Structure formats: C-alpha cells, structure tokens
Amino acid sequence: DFLQEGEPTSARCDDLAALKSKGCPMEDIENPRGSKQVLEDREVTNRKIGAAEKLKPEAITQIQPQKLILKLRVGEPQTISLKFKRAEDYPIDLYYLMDLSYSMKDDLENVKSLGTALMLEMGKITSDFRIGFGSFVEKTVMPYISTTPAKLRNPCTGDQNCTSPFSYKNVLSLTSEGNKFNELVGKQHISGNLDSPEGGFDAIMQVAVCGEQIGWRNVTRLLVFSTDAGFHFAGDGKLGGIVLPNDGKCHLENNMYTMSHYYDYPSIAHLVQKLSENNIQTIFAVTEEFQAVYKELKNLIPKSAVGTLSSNSSNVIQLIIDAYNSLSSEVILENSKLPKGVTISYKSFCKNGVNDTQEDGRKCSNISIGDEVKFEIHVTANECPKKGQNETIKIKPLGFTEEVEINLQFICECQCQSEGEPNSPACHEGNGTFECGACRCNEGRIGRLCECSTDEVNSEDMDAYCRRENSTEICSNNGECICGQCVCKKRENTNEVYSGKYCECDNFNCDRSNGLICGGNGICKCRVCECFPNFTGSACDCSLDTSPCMASNGQICNGRGTCECGTCNCTDPKFQGPTCETCQTCLGVCAEHKDCVQCRAFDKGEKKETCSQECMHFNMTRVESRDKLPQPGQPDPLSHCKEKDVDDCWFYFTYSVNSNGEASVHVVETPECPSGPDIIPIVAGVVAGIVLIGLALLLIWKLLMIIHDRREFAKFEKEKMNAKWDTVSQEAFISLNTVV
C-alpha cells in the first residue's frame, strides 16, 4: 500500500527525503552505505644506513597500508589515506646501457673503470648496491649497417679493430662485484653502423622485459642510457623491410637480442608502458648536442632524468648521483586501469604544508630520505558493473615495486532482494518472487501481481480496461497498459509523479502562485491543491491570517473595510492604504476634535456658543502636565494631539475610543502661550546698527576725500614743473638772437 494507484514499482526507490515525505517509515527503508576495511597495514620501515640489522628488500616497507577492501555504493566516494616514507639504506640495482658505435670510442675507456668507482660513491647512499652492463649498436640489416662480409667482420675503416655489429648484448647481469664489472667491460670493443640514429630503443625494451636475465630485484631499479646520438623508433624499421610491431617480449639468447631483424623498433608509448610496469627509472646520459631531443623524451617518460655527458664520459659518476637524487626526491602515484564507471582523485599533503589536488595531487617533490608524505585518495563508483563482480585496482609510486592493492566490492542490490520469497502466494498463486514489497514475475508472466500470462493476453482486449469512459487515450497518454492495468510513466524529476487508475492524476499541474505549485502553501493531489491550515484558494494563495489587516488602532482594516486573503478591501471610499487608515480628504482626529476640546476645557474657540450641544460626545479629564497624559501601550487605540487655540497658545490632549465605542479625552489644563518680545535689546541693537553704519559711511567718505586731494596735489605739482620749463626756453631764445 506504499505506492499510489498506477505508480510503477520502481517508485519504491528514491532519495531518502522523498521516501520519508511519501510516508515510508525509517525501519522500512534500506539505505546501505559504503565502507572500507584494511586487510594489511604494516608500518613504514624506520632504519638508518650502517645499521647492524640487515633487512631483505621484501621486508622493507615504504608505503602504508598495503591491502584493503572498499565497498562502493554508486555516487558515494570512499576515502583512503596513504602514507609514503623514503627508507634509508634502500637497495639499488643500476644497469649501465651504453652505445658502442664508433663515436663512443673514447667514452668506453672511461667506463671500463666505472664499476669500482661507482660502487664506492653509491656506498654513501646504500649498503646494498648492484651494477650491470649492456651495450647496443643497431639492427643488423641494411640500411642501418653494411652487410658485406668484410664489414660484418669489422665495420670500422682503416686499421681499426672493431667488433661485429649487433643490436643489443647483455654483457654483465646485475652483480655486487665492481671488479667483475671493470673486467668484463674492459674486454668490450667498439663497433660501427652507417646511420646516425642508434637502435637504443630495442635495447631499452629488452632490459625492461628480460628481468630474469638482467637480474632485477624488487628494489630501486635504475637504467643509465649513455649515447651521443639520436634514436630510431616505431616505423623506422620499414627502411629495412621490417614491418612487424615490437611485441614487448624478451628475446635474449646467450645474452644477445636475436629478433632485431624481425621486429620493428618499439614506440615511445610502448617503452613508457614497459618501463612503468617493471618500475624502472631511466637516466639519459647524453652529450650536449642531443640534450634538447632527450629532454623532450624525458617529458614523455615518467620518472626519468637527463644529464649532460662530457665528450669522453669522464663525468658519468657525478651525473648518475645527481640524476638519482633528482628522481628519488619526487614521488608520483599511478593507478592501474580503472573498471568502467569508477573514478579516482588524489590530494597530496607534502613537505612544508604544500597541498595539491587534481593531477598535481598525485605527486610530492623535494623529498629527502626519511621524509614522510601523505595522500588522500577518493574512489567513486558512478555505475554498477554489468555482472556485479568484484574488481581490483593497484596504486603504486612510480619507480618503486611496492603497491597498494584495493579490492572493490560494489553495492548494487538491496538486502531485501536476497530475502525474496520465490513462488510467493502474494504474486498470483506463486507466479513470481515477492521481494522488497513487490512481485518480480516469473518468465512468461506480467502484471503488477503477475496475474497475466504473455501467451494469453490480447492487447486490444486489455487496452479497454486502461481507457477512461468516453476517452480514446490509453492511460491518459501518461503510461502504458500492462495486463489491463495502467503503469504510469516516471518523470526525470522524481518528485513529479503520475498516478490514478488511468494515470489521470499528477502532483505538478496544479495552479501556481509566485511560481510555486499551490503557492508553496499546500500539496498538489490529482491536479487540485489541498491547502495547509490558514490558506485557501485554488492556488492556496489566500491567507486566512488577519494580522496583516490589523490597523494601528487595533481594529481590522481600521473598521472601514474587510480583510480578504490577508489584504484589506476598504469599503469606505474615502479611506485607502494597506489597513484603510489613509484618508487624503479627511481631517485628522486631532483637527476634528480640537474645537470641542478647546471650548470644553478653556471655554473659548469657534464652538464656544454651541459647546453644550455639539461637544458632549466624549468624556473629558484634565491633567496637570503632558507627563500625566495617557501613554501608548494601553488596550484602547490612542491619539496624541498638539493644537493652537484662538490666542495662539499650544494645548495638548489625547483622544481614545474604548471597546464599547466610548470616546475619552485627557487634556493638559494649562496651555503653553509664547512670551512677548523683549523690546530693549531690539531697540539697542537697532540704534547700535545705525551708529555703526554712519561711522562706516564717514570713514569711507574721508578715505575718498584723501585720495581725491592727493590726486589734485599731484596734478598741481606737474603743472608747476611745466611752467618753469617754459621760462627757461624763452631766455635761451633771446640770448641766441643777440649773438646773431
């Protein structure tokens, strides 16, 4: 009885809140949660170099935990914490792979003593160090080498004694005897080829996959690739008629690669895969000329480094030490292929509080020996596997053999499915399994209770039971007819439901208000709103609450209207506003009653003569001061008034009406009359102003006269000077005539 009529059985599955809202008790809700279980959790190893305790490599632990089970429910991530700590005195295997083409002749002389010298230097890092040596030249077919018999015996020109060309040779498997390295390498001879790129990728592939012959242990594995030239890669073999892709398998016989003429060079991606699978970290020791090429290659190969090799390889030991420190100072997590629908994300907690997410969350840099870093890993199943089987994924730090094994178990069924009752009487005489409150029909049976046989059902006959009277629509076009019963469609929004015998009902096509179904104040049932208490209307948008209609005087709509849906409908046309209290053409309460209060309290005003006839409709009480007037907060609505009387004095009163409609007035018995002006200060101020203005005018007049007199005096002085000049001129003229 949980489902409404017409609802499909799948409607029993929903989110928790929806099931609760539909009335499903908590004890009847199955909601399994994901979990994690740690199966193996050895602590990371703490020991120092030179310690008396000698541990086997497999006894050293650098990553924790090692094995666990995750139970995943779709959409619910499970989080695991992973700890990594670089162990001190961790064993190292180093394989030196050298290009023995003719251009590396001087380099070979320096490498011959590399064994003991490198053992001595690496002894400062680990007490368990092994070294091996291999060499490569090129594929033994044209056009990479000359195939004439003489050139096959000695590919070098002149009197140079060179060994026959070869693709790859494992000279020395990994050993802890440095002297043996020197001895065997000292017996090696340079060879030669025709083209500049070398066949180094063939050699790297064999070193990676021939672990048994090389002697790799489950420890730190370093491959030093030394050359002064570029490299051939997949596709270049076609020049020699070799078209078969490299198979990525070991083909060493008597320590020689025997299939170089048969398989093409490996691709870079193929090398990356094999190096990663075998936890090999690569150090490219190349000359300055090819630095740019190998740095690009380094970007494609995780956990690899590039060092600049001097022209005669004299700096190779320091190059290896520097590259090893660089590689070991960074930890990068990688995971195996994930099952379909499973995603994984990382968050790193590195040194000095550096945290990262997404791709950078996989790695931590600048890690020293003994440092501990942590990772937070979130695993999420976005869908269930088709067969529901368990899956296993592995997470490991690149370049390390240790890994975390995670067994994924998927929660794809409810517990009640395993508790089903086969051939249950509840399913029409045992025609189905009753599980999780519903029937799962046996093969050949259909219907909600498995009451119909697929062989006996005539769809046209059954469709008649799924049509409403006088209608041609089957299940109102909102469902399908199964065994004469409508099974309604499910909508994308699980909160929207079709129901009813003919799927004619739904809970989302009711009237709306403010964009909400039933205004958010009711429940939509069969396209009709059922309103919550205190709401009514087709969209439940009419509130029965009268508090918004309450006027300031405590009356609903000020006694001048009706409250409808929480809004006042004013019946008096003069009044308006949300509570019918605004009247643009009305006198206020105070102005309306001031004349009557004035005549009754002070025996004056316009209604003095008619006071006894017009102003006896209220009870009046005199008080001594404004403080004695009634204050707001009393039960009856109250108005405080301040008005002027005929003598321009202010008088104060209050007006209120009680619940029985009786009006009461309280008035202050003594009006406040303004005092007359003080004449003396006014007269004194006026006189002082006149005197000051007069003095100011006299001073201005005096100043103007002084300026005028000075101008006249200056003019007089100028004219006086001009008169003196005229006298002198006349005397000079007379004396000049006398001489003549």
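The values are calculated or read from the model by the stated rules, or taken from the named source; none is laboratory data. Worth saying up front: this structure is predicted, and the values here are computed from it rather than measured. Methodologically, a virtual Cβ is constructed for each residue, glycine included, from the backbone with ideal geometry; neighbour enumeration extends over all protein chains shown. Areas reflect the complete protein model, heavy atoms only, side chains present, ligands, DNA and RNA absent. Shrake-Rupley method; radii C 1.70, N 1.55, O 1.52, S 1.80 Å.
Structure summary
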{"quantity": "Residue list for the range 532-564, restricted to those being in contact with a helix residue (DSSP H, G or I) (Cβ under 6 Å, 6 or more places away or on another chain) and of a type in the set (Gly, Ala, Ser)", "calculated": "Ala539, Ala551"}
{"quantity": "Residue match in the range 180-188 (condition: among the aromatic types (Phe, Trp, Tyr) and within 24 Å of Phe231 (Cα to Cα))", "calculated": "no"}
{"quantity": "Scan of the range 328-355 for residues that are more than 22 Å from the chain's Cα centre (by Cα) and among the basic types (Lys, Arg), ordered by number", "calculated": "Lys337, Lys340, Lys351"}
{"quantity": "Some residue of the range 288-299 being among the small types (Gly, Ala, Ser) and open to solvent by less than 30 Å² (accessible area, probe 1.4 Å)", "calculated": "no"}
{"quantity": "Residue under evaluation Gln358, criteria (1) within 24 Å of the chain's Cα centre (by Cα); (2) within 30 Å of Glu88 (Cα to Cα); (3) surrounded by 13 or more Cβ atoms within 10 Å (Cβ to Cβ), criterion not met", "calculated": "(3)"}
{"quantity": "Top-ranked residue in the range 692-715 [being open to solvent by 80 Å² or more (accessible area, probe 1.4 Å) and of a type in the set (Val, Ile, Thr); ranked as nearest to Cys649 (Cα to Cα)]", "calculated": "Ile693"}
{"quantity": "Listing of helices (runs of 4 or more DSSP H) fully contained in the range 112-229 that carry 3 or more residues being free of Cβ contacts under 8 Å to residues at least 40 places away in the same chain, under 30 Å from Asn246 (Cα atoms) and out of contact with any helix residue (DSSP H, G or I) (no Cβ under 8 Å at 6 or more places or on another chain)", "calculated": "149-153"}
{"quantity": "Residue check, Val243 of a type in the set (Val, Ile, Thr) and either open to solvent by 40 Å² or more (accessible area, probe 1.4 Å) or not assigned by the TED database to the domain that holds Ile321 (or both)", "calculated": "yes"}
{"quantity": "Close pairs from the range 505-519: first closer than 14 Å to Phe532 by Cβ and among the β-branched types (Val, Ile, Thr), partner outside any loop (DSSP other than H, G, I, E, B) and open to solvent by less than 50 Å² (accessible area, probe 1.4 Å), Cβ under 9 Å, at least 6 apart", "calculated": "Ile517/Cys524; Ile517/Cys529"}
{"quantity": "Breaking point among (1) under 53 Å from the mean Cα position of the chain (by Cα); (2) crowded, with 17+ Cβ neighbours inside 10 Å; (3) not in a strand (DSSP E or B), for Cys568", "calculated": "(3)"}
{"quantity": "Positions within the range 1-27 being surrounded by 12 or more Cβ atoms within 10 Å (Cβ to Cβ) and at pLDDT 85 or above, in sequence order", "calculated": "Leu19, Lys20, Cys24"}
{"quantity": "Condition check for Phe284: assigned by the TED database to the domain that holds Val224, surrounded by fewer than 21 Cβ atoms within 10 Å (Cβ to Cβ) and either out of contact with any Asp or Glu (no Cβ under 6 Å at 6 or more places or on another chain) or assigned to a helix (DSSP H, G or I) (or both)", "calculated": "no"}
{"quantity": "Subset of the range 500-520 (residues that are in a loop (DSSP other than H, G, I, E, B), touching a Ser or Thr at 6+ places or on another chain (Cβ under 9 Å) and under 18 Å from Ala18 (Cα atoms))", "calculated": "Asn507"}
{"quantity": "Residue count for the range 1-46, restricted to those that are closer than 30 Å to Ser476 by Cα and either in contact (Cβ under 8 Å) with a residue 40 or more places away in the chain or part of a loop (DSSP other than H, G, I, E, B) (or both)", "calculated": "19"}
{"quantity": "Checklist (1) open to solvent by less than 40 Å² (accessible area, probe 1.4 Å); (2) under 25 Å from Glu376 (Cβ atoms) applied to Gly75, failing item", "calculated": "(1)"}
{"quantity": "Lone qualifier among Ser164, Ser146, Ser173, Ser196 - being touching a strand residue (DSSP E or B) at 6+ places or on another chain (Cβ under 6 Å) and polar (S, T, N, Q)", "calculated": "Ser173"}
{"quantity": "Tally of residues being closer than 15 Å to Phe136 by Cβ and either among the β-branched types (Val, Ile, Thr) or open to solvent by 60 Å² or more (accessible area, probe 1.4 Å) (or both) across the range 257-273", "calculated": "2"}
{"quantity": "Criterion (out of contact with any Cys (no Cβ under 6 Å at 6 or more places or on another chain), open to solvent by less than 20 Å² (accessible area, probe 1.4 Å) and either without any contact (Cβ under 8 Å) to a residue 12 or more places away in the chain or polar (S, T, N, Q) (or both)) met by exactly one of Ser365, Ser328, Ser345", "calculated": "Ser328"}
{"quantity": "Scope the range 499-512; condition touching a Cys at 6+ places or on another chain (Cβ under 7 Å) and polar (S, T, N, Q); matching residues", "calculated": "Ser499, Asn507"}
{"quantity": "Matching option when the condition is modelled with pLDDT of 85 or more and farther than 30 Å from Lys351 by Cβ, among Glu383, Glu403", "calculated": "Glu383"}
{"quantity": "Any chance Ile393 is assigned to a loop (DSSP other than H, G, I, E, B) and on the phi < 0 side of the Ramachandran plot", "calculated": "no"}
{"quantity": "Among the candidates Asp264, Asp322, residue that is more than 30 Å from Asn407 (Cα to Cα), at pLDDT below 90 and either of a type in the set (D, E, K, R) or not assigned by the TED database to the domain that holds Val111 (or both)", "calculated": "Asp322"}
{"quantity": "Condition check for Thr392: polar (S, T, N, Q) and surrounded by 18 or more Cβ atoms within 10 Å (Cβ to Cβ)", "calculated": "no"}
{"quantity": "Some residue of the range 137-148 being of a type outside the set (Lys, Arg), within 28 Å of Lys238 (Cβ to Cβ), buried (at least 19 other Cβ atoms within 10 Å of the Cβ) and at pLDDT 85 or above", "calculated": "yes"}
{"quantity": "Residue in the range 669-680 that is out of contact with any strand residue (DSSP E or B) (no Cβ under 9 Å at 6 or more places or on another chain), farther than 19 Å from Ala591 by Cα, at pLDDT 85 or above and aliphatic (A, V, I, L, M) present", "calculated": "no"}
{"quantity": "Residue check for Leu100: aliphatic (A, V, I, L, M) and either outside the structural domain of Gln281 (by the TED database) or touching a Ser or Thr at 6+ places or on another chain (Cβ under 6 Å) (or both)", "calculated": "yes"}
